[in-house]
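**Q** One structure, pasted below without further comment.
Nothing in this text is a laboratory measurement; each read-out follows from the coordinates by a stated rule. Quick caveat: nothing in here was measured; it's all calculated off a predicted structure. All Cβ positions, even for glycine, are placed from backbone atoms using ideal geometry, and neighbour counts span all protein chains on display.
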């Protein structure tokens, strides 16, 4: 880089560290700035005014503000996967090696071909796109829209995964102070000294707010110095947390606030640390001391690079020691512009003119500057940056920077987040916080409309005293700081009417006063209509500098007052928040927790393929050497289980321990079938309905003792069933003597299935327990011990249709248990089987599972209608009797096999009979589950068919229009294997 | 939102699962005259006020208590929280 | 006035001074044939079709705030007809067909953009369910394609295929799905209805119904009493509040649904993508913002705003599914009040009170339904018979047990 180019506009002083020069690049050109700079101040120091292009007309855009309200100076920051679009140069802290590029142009920034839009602007007025592009019909999507889409948007994403780390944190405090300007610092100090737990957060990297930008004195110290002293004391207090680079972005219910802290954005590298932390802050009270934001005045071509807010000009001069221009003009409707002129002069920057819309005596002398009281700027010149201004009188004045002050808007944003509405204050010509603030929130300082520094301190002091009183703390009696004062003395002036040129209101979205006028004339005069029709305030700055201006101009056009015209509210977030920050660490594999079954490690050792089942990972199948297709593994597992014995981890099924004198009565009420009569040591299949009569879940419940039952639920419904049972217990029948505990994770449970299952278990179960068929028949259960005294539960139940058991041991023995079972089964060539084989065997047996229990099927549909007791009062049985759920043509669960056994059935096919067309009218049901049955040697399915139970033997079509398929199927019993259930009783 | 749990103090609403109108406590009986109508109204017609609403929340990530929370549906302000079991008993539910 | 490219050219050359009001701003008459309560998308569409299809123009639409201020102005703009049940799918397909001809119909460009909608499947069961649904769509004359993981990758190579907690196994793709510029739908229907003589009256709140012998004969409003032969309520999230004034209770709860938009970005997302293993769906607007959403907050609310846990949950889903959007910034969040019905499906029906009609219970699916809802409501109001595609959207379906529960969640509105 060439030193000559460097920092031509740098002044003396400022809050930058000249000992730490930093190199950075913009559009490939290298520049130098200092620690303490923002990208914007460093660019201005280097004389760079032209930063980007506007949204619609692609007009040149420069730096407009010095804060987070910036509508113009947006850049793409960083390279590759780190590229960050739409980044405000005005709040981007400079670091060594920063790279930024301009955005929203085709070709070089200076020669954007899209700038042609500007010449077409008469035809691109508010809402033009709603009125055309309609003919011919097909052209909108084929031609017009793709062009519009391509031109729209601002910066671009890299398309690569966000490589950074984000964290979330939680804070609790008595008082959250939002904004560390004079009001915030003073309030936090008083609260901190009183012993309150205080969090004070500011979006800037330097506490102090406007004090850093102004030439105020406090207690005879320079304001910025005072801020340093207060911040130091705050940092020394153990009960105070002063957070910089932390934006409180939203106010939520019950005193919860969201804040984003930027941890490493200002460093060359994150170095493994989180880039940003999203804080959720729980507060007893919150004090909004977020200051105020300056607004502009609309006049002809007021959008050129070099036209800036007057307060921002002071920020650059005083804080960053940068002259935003060599010859600066000021256009103001209040005293604020004069302060800018004063500070510029004090720093030796030439002030060429002050144009004040007020017809009053000039508030100060400015030798060398043209002073025009009661004047208006009607136009500006300069293609890619300001070169001069023209007054309504026709006078022209040379200027490469125009500082504009249209007054200050209190930052009421967070007061609106719970739909509070600000109210108009005539004295300062601005909206101030309304009555209906979020509960627990107070507002002080400029955010509450106190625009002079002495008012700010007075307001902060009163408010924080009141808050400490509410928190029952006694306030420190330190005297309120004495300050230099600054009157605003505004006379509202919104836009220059006497101009033919376009006057910008929303600089980013290119909304001009003409658009507002046209919007009104077309009937869009409600504020929300105005915003939506013209897109005013919808840009990345959310209208921080444009909304009030636009509203006021609408009021003038409509010849009514601003309160009559409406108000404008703000939604969270205060400034945009990276989506990654909102997501935190919940991404990739950590998107949601993963639950492992007790045999997980063992299954991994076996090379199992796993599948996600809700939050669980379950073994899907266990491939053996030489198996190349999953079907080979699954067929083998099924066949080996049906021929000898297989073991499957079924821990994921919900297990609910139910105890109490009324446990049986309770079960009778929550199950559709009867349980009170179940003998101790027996298991029964249970069908559970929702109150609306639809099947909720099914499973088995075992009676382990007189007052002790163990219920199982499906994996998917384990949580929901438990919640439902607790509802029944606590809300419906609070005096039943019954208690529930979810024991899903406390017991490791394995299915041992197949003709050799008993023989295998005999090697595991301690010899004092007789598990012979006579002693332990189908549907028996018992508390036993295994492997020499380890407590276990044994259930003789079967999902596979084979002679089968489920054995449960405390989870800490789960891993040992699977190993013991496999070892004990070696003589019988035991196989582990996964969820696929489990599914195949259950379809072969016609058991309903997740695909059938879809929340719309009744017991009748499942062929279990007779299980629903008509005698007792149980959840769901009354509403299950509704006529529409019991029609003659109701769907029934039946089996299907392909007429041509070489055909593969498809789950999700619909049934159509008589060769009819596949239409909604002809739809007779659907195939819910399909498997290849190694036992049958062909594809089989179960599904729901109108009157299915009466249609066994009928042939119809399973249609799959998605694949243009139609397969002839025969309706059969859903019990494909062992329909009489001999095996499971064996 | 924060729910003041009667046993556990203030807890984030994210720990809870919402069910709805607390009238769900008043399940009719199959033996009621006109039970079919009573169940239909119980199941499908609930209060949906813009204002104070008594509603059931379940502390799923906590102690598994069902709570009756009185909350304003316009402001989200919570004015009362009780154990649903106590409410149910006080409103005549027993066994 | 008629809108056209010619008009834009003419106005552009004459300083855009000649644009007329898009709708009149009449004072209410004392009596109408039909009063529509609610100037949202559905109410305005109903008025448009009453006038255009049935020739009934002595109609007023009463809106308590500004026109289009309800859910038509605060949704995520998606249109689709990927429903499952026979009581729903033909209706939504009718709606999609109406969307396809909408702009020429009401002479306003609402930017109907059929860039497709992709519902991702992350398990075999989900794929089976999408097969069933996709087939049901075909059988109702809609379009659908079942994609495997490779098919998804071709459409959306930027999704998380390598490191996902819930791997993408495939998806259901409806090419005719897409997005529409939502506000313009309200304005277009208002323009269409107004130009045929319908009175659209803003800032006119209905405060009660005029009842006579059990019959509804009009409404009381903040602008006075207005008589009508038929009163058609169409107020979405305010359904319970309004119908309570007629003494009717509804199988509806009001819930808040939040929606989100990012800063403007150059195009990155082709159509609409929905995550099947988390609460997240997204599209990109013509202006470049990522428009996304997730699940309702889950508690009854009229507050039009939600809370942080859901914001974070939705963003977690977003970054899990498409990690490349992580550095895009969330610009604005807002909430709408959803009329969540007890089975997740809507109502277009007469009520038990003669002269009073009801349209509501749209849950968060109301936007895509706007044209068909208006079409079918207009049909009901004009003929007193339900439109064939809406014949199951009845208020008595819970009594008969003929619920339309697409998600199988039962009578729990916050789960639909």
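**Q** Using a 10 Å cut-off around each Cβ, can you sort A:217, A:652 from fewest to most neighbouring Cβ atoms? If you can, show how the numbers build up before the last one.
**A** Values: A:217 16, A:652 22.
Neighbour counts put them in this order, fewest first: A:217, A:652.
**Q** Suppose the chain between residue A:12 and residue A:244 were pulled fully straight at 0.36 nm per residue; how much longer would it get relative to their current alpha carbon spacing? It would help to have the intermediate numbers written out before the result.
**A** Details: separation 232, 0.36 × 232 = 83.52 nm, distance 2.58 nm.
In short, 80.9 nm is gained.
**Q** Could you tell me how many cubic angstrom of Cα convex hull volume segment A:1-76 has per residue? Working shown, then result.
**A** Numbers: hull volume 7.8 nm³, N = 76.
Given the Cα convex hull of segment A:1-76, per-residue volume reads 102 Å³.
**Q** Please state the Cα pair-distance histogram of the protein assembly as shown with 20 angstrom bins from zero: what percent is in each bin?
**A** 9, 33, 35, 18, 5, 0
**Q** List, largest first, the extents of the alpha carbons of segment A:253-317 along their principal axes, each in whole Å.
**A** Over segment A:253-317, Cα extents along the principal axes are 46, 36, 21 Å.
**Q** Going out from 0 in 10 Å bins, what whole percent of all Cα-Cα distances in segment C:1-151 drops into each bin?
**A** Taking every Cα pair in segment C:1-151, the percentages come to 9, 26, 30, 20, 11, 4, 0.
**Q** If you don't mind, another one. Kirkwood Rh and Cα-based Rg: tell me the resulting Rg over Rh for segment C:204-350, rounded to two decimals.
**A** On the way: Rg = 19.9 Å, Rh = 17.8 Å.
Computed over Cα atoms, the ratio is 1.12.
**Q** Let me ask you something else. Mind checking the mean number of beta-carbon atoms from other chains within 10 Å of the Cβ atoms in A:85-93? Write out the running numbers ahead of the final one.
**A** Working: counts 9, 9, 3, 0, 0, 0, 0, 0, 0.
Mean inter-chain Cβ contacts per residue within 10 Å come to 2.
**Q** Now, a different point. Assuming a ≥ b ≥ c are the square roots of the Cα gyration tensor eigenvalues, decide whether segment A:32-94 counts as rounded (a/c under 1.5), prolate (otherwise, with a/b larger than b/c) or oblate. If you can, show how the numbers build up before the last one.
**A** On the way: a/c = 1.71, a/b = 1.17, b/c = 1.45.
Judged from the Cα gyration tensor, segment A:32-94 comes out oblate (a/c at least 1.5, b/c at or above a/b).
**Q** Round to the nearest 0.05 the FRET efficiency obtained for residue A:421 and residue B:32 when R0 = 60 Å and r is the Cβ-Cβ distance.
**A** Computed FRET efficiency for residue A:421 and residue B:32 comes out at 0.80.
**Q** Here is a further query. I need the semi-axes of the equivalent ellipsoid of segment C:201-272: take the C-alpha gyration tensor, multiply each eigenvalue by 5, square-root it, list largest first in whole angstrom.
**A** Details: eigenvalues 283, 50, 23 Å².
After diagonalising the Cα gyration tensor, the semi-axes are 38, 16, 11 Å.
**Q** Moving to a separate point now. What is the Å³ per residue value for the convex hull set by the Cα atoms of segment A:901-957?
**A** Numbers: hull volume 5.2 nm³, N = 57.
Given the Cα convex hull of segment A:901-957, per-residue volume reads 91 Å³.
**Q** Then there's this: Which three numbers, in whole Å and largest first, are the semi-axes of the equivalent ellipsoid of segment C:75-134 derived from its Cα gyration tensor as √(5λ)?
**A** Working: eigenvalues 151, 39, 11 Å².
Value: 27, 14, 7 Å, ordered largest first.
**Q** Given the Cα-Cα distance of residue A:498 and residue A:601 and 0.36 nm per residue of separation, how much length would full extension add, in nm?
**A** Values: separation 103, 0.36 × 103 = 37.08 nm, distance 7.99 nm.
Stretched out fully, the residue A:498 to residue A:601 stretch lengthens by 29.1 nm.
**Q** Taking the Cα atoms of segment A:506-569, report the difference between the largest and smallest coordinate on each principal axis, in whole Å and largest first.
**A** That works out to 29, 21, 15 Å along the principal axes.
**Q** What number, in nm² with one decimal, is the all-direction average of the projected area of the convex hull of the alpha-carbon atoms of segment A:280-409? Don't skip to the answer; put the middle values down first.
**A** Values: hull surface 40.1 nm².
Convex hull of Cα atoms, orientation-averaged projection: 10.0 nm².
**Q** Principal axis lengths of segment A:394-502 from Cα atoms, whole Å, largest first?
**A** Principal-axis extents of the Cα atoms in segment A:394-502, largest first: 63, 36, 23 Å.
**Q** Separation between the residue A:632 and residue C:33 pseudo-spin-labels, each 7 Å from Cα along Cα→Cβ, expressed in nm?
**A** Here the answer is 7.4 nm between the modelled labels.
**Q** What is the helix-to-structure angle for A:547-558, meaning the angle in degrees between its Cα long axis and the longest Cα principal axis of chain A, kept from 0 to 90 and rounded to the nearest 10?
**A** Roughly 70 degrees, rounded to the nearest 10.
**Q** Sticking with this structure for a sec: On a 0 to 90 degree scale, rounded to 10, what angle separates helix A:453-470 from the longest Cα axis of chain A?
**A** Relative to chain A, helix A:453-470 is tipped by roughly 30 degrees.
**Q** For a distance above 14 Å, tell me the whole-number percent of Cα pairs in segment C:365-416 that qualify.
**A** It works out to 63 percent of all Cα pairs.
**Q** May I pose another question? Specify the inter-centroid distance of segment A:322-341 and segment A:115-163, based on alpha-carbon positions, in whole Å.
**A** Segment A:322-341 and segment A:115-163 have Cα centres separated by 38 Å.
**Q** Show me A:419-429, A:487-497 ranked by packing, highest mean number of other Cβ atoms within 10 Å first.
**A** On the way: A:419-429: 16.9, A:487-497: 18.7.
My ranking of the peptides, most packed first, is A:487-497, A:419-429.
**Q** Within 10 Å of each Cβ of C:106-112, how many other protein chain Cβ atoms are there on average? Show your work: numbers first, answer last.
**A** Numbers: counts 1, 2, 4, 12, 3, 9, 4.
Partner Cβ neighbours, averaged per residue: 5.
**Q** Relative to 2.2 N^0.38 Å, what does the C-alpha radius of gyration of segment A:1-155 come to as a ratio? Two decimals please.
**A** Details: Rg = 18.6 Å, N = 155, 2.2 N^0.38 = 15.0 Å.
Here the Cα radius of gyration is 1.25 times the empirical estimate.
**Q** Right, next: How many Cβ atoms of partner chains, on average, are near each residue of C:158-168 if near means within 10 Å of its Cβ? Intermediate results must be reported in sequence, preceding the final value.
**A** On the way: counts 4, 0, 5, 0, 2, 6, 5, 12, 6, 2, 0.
For this peptide, the per-residue mean of nearby foreign Cβ atoms is 4.
**Q** No solvent, one uniform scatterer per C-alpha: report log10 I(q)/I(0) for chain C via the Debye equation at q = 0.14 1/Å, two decimals.
**A** -1.28
**Q** Provide Rg and Dmax in Å for segment A:781-866, with only Cα atoms included in the calculation.
**A** Gyration radius and largest Cα-Cα distance of segment A:781-866: 16.4, 47 Å.
**Q** When a/c reaches 1.5 or more, the comparison of a/b and b/c decides; with that in mind, is segment A:499-541 rounded, prolate or oblate per its Cα gyration tensor? All intermediate terms of the calculation are to be shown ahead of the outcome.
**A** Numbers: a/c = 2.96, a/b = 1.03, b/c = 2.86.
It is oblate, given that a/c is not under 1.5 and a/b is not larger than b/c.
**Q** Just the projected area, averaged over all directions, of the convex hull on the alpha carbon atoms of segment A:640-735: how many nm²?
**A** Working: hull surface 28.9 nm².
Its Cα hull, projected and averaged over all orientations, spans 7.2 nm².
**Q** Oh, and also: What percent do you get for the relative contact order of chain A when only Cα pairs under 8 Å and 6+ apart count?
**A** Details: 2367 pairs, mean separation 84.6, N = 986.
Relative contact order here is 9 percent.
**Q** So, one more: With all distinct Cα pairs included, what does the Kirkwood hydrodynamic radius of segment A:507-640 come out to in Å, to one decimal, could you say? Show your work: numbers first, answer last.
**A** Values: mean 1/r = 0.0492 Å⁻¹.
That comes to 20.3 Å for segment A:507-640.
**Q** Using the per-residue mean of other Cβ atoms lying within 10 Å as a proxy for protection, in what order, highest first, do the peptides A:633-640, A:690-697 fall? Can you show the working numbers first?
**A** Working: A:633-640: 21.9, A:690-697: 24.8.
The packing order, highest mean first, is A:690-697, A:633-640.
**Q** Starting from one equal scatterer on each C-alpha and no solvent at all, send me the Debye-based log10 I(q)/I(0) for chain B at q = 0.11, 0.20 Å⁻¹, two decimals.
**A** Computed log10 I(q)/I(0) values: -0.35, -1.00.
**Q** Could you tell me the distance between the Cα centroids of segment B:21-62 and segment A:416-430, to the nearest Å?
**A** 42
**Q** If you build the Cα gyration tensor of segment A:354-398 and take the root of 5 times each eigenvalue, what three semi-axes come out, in whole angstrom, biggest first? Numbers along the way, then the final one.
**A** Working: eigenvalues 90, 30, 11 Å².
Each semi-axis is √(5λ); the values are 21, 12, 7 Å.
**Q** For residue B:82 and residue A:235, FRET efficiency with R0 = 51 Å and r from the beta-carbon atoms, rounded to 0.05?
**A** Working: r = 44 Å, r/R0 = 0.86.
So the FRET efficiency works out to roughly 0.70.
**Q** Under a plain spin-label model, where a point goes 7 Å from the Cα along Cα-to-Cβ, how far apart in nm are residue A:35 and residue A:466?
**A** In this crude spin-label approximation the distance works out to 4.2 nm.
**Q** Let me ask something else about it. Rounded to two decimals, what ratio of Rg to Rh does segment A:840-986 give with C-alpha atoms and a Kirkwood Rh?
**A** 0.99
**Q** Now for a different question. Under 1.5 on a/c is rounded, so check that first for segment A:736-840, then, if it is not, pick prolate when a/b is larger than b/c and oblate when it is not; a ≥ b ≥ c are the square roots of the alpha carbon gyration tensor eigenvalues.
**A** On the way: a/c = 1.35, a/b = 1.26, b/c = 1.07.
Note, shape of segment A:736-840 comes out rounded.
**Q** Sort A:200, C:348, C:201 so the one with the fewest other Cβ atoms within 10 Å of its own Cβ comes first.
**A** Working: A:200 30, C:348 34, C:201 22.
Arranged by neighbour count, lowest to highest, A:200, C:348, C:201 become C:201, A:200, C:348.
**Q** I need two numbers for segment A:346-425: Rg to one decimal and Dmax as a whole number, Cα atoms only, in Å.
**A** Reported Rg and Dmax, both Å: 17.2, 51.
**Q** Could you pull out which residues in segment A:791-818 have an amide N less than 20 Å from a spot 7 Å beyond the Cα of residue A:985, following the Cα-Cβ vector?
**A** Those under the cut-off are A:795-806.
**Q** Mind giving me the FRET efficiency for residue A:487 and residue A:96? R0 is 51 Å, r the Cβ-Cβ distance, nearest 0.05 is fine. Display every interim value, and only then the final one.
**A** Details: r = 42 Å, r/R0 = 0.83.
The pair residue A:487/residue A:96 has a calculated efficiency of 0.75.
**Q** For chain B, what is the calculated [θ] at 222 nm in deg cm²/dmol (nearest 500), taking -39500 (n - 2.57) for each run of four or more DSSP H residues and dividing by its residue count? Intermediate results must be reported in sequence, preceding the final value.
**A** Values: 2 runs with 17 residues, N = 95.
Computed ellipticity for chain B at 222 nm equals -5000 deg cm²/dmol.
**Q** Could you give the angle, 0 to 90 degrees to the nearest 10, between helix A:336-346's Cα long axis and the longest principal axis of the Cα atoms of chain A?
**A** 70
**Q** Can you give the calculated 222 nm mean residue ellipticity of chain A, where each DSSP H run of n ≥ 4 adds -39,500 (n - 2.57) and the sum is split over every residue, rounded to the nearest 500 deg cm²/dmol?
**A** Numbers: 21 runs with 187 residues, N = 986.
Theoretical 222 nm ellipticity from helices: -5500 deg cm²/dmol.
**Q** Still on this structure, I have one more. If you average the alpha carbon positions of segment A:225-271 and of segment A:850-887, how far apart do those two centres end up, in angstrom?
**A** 58
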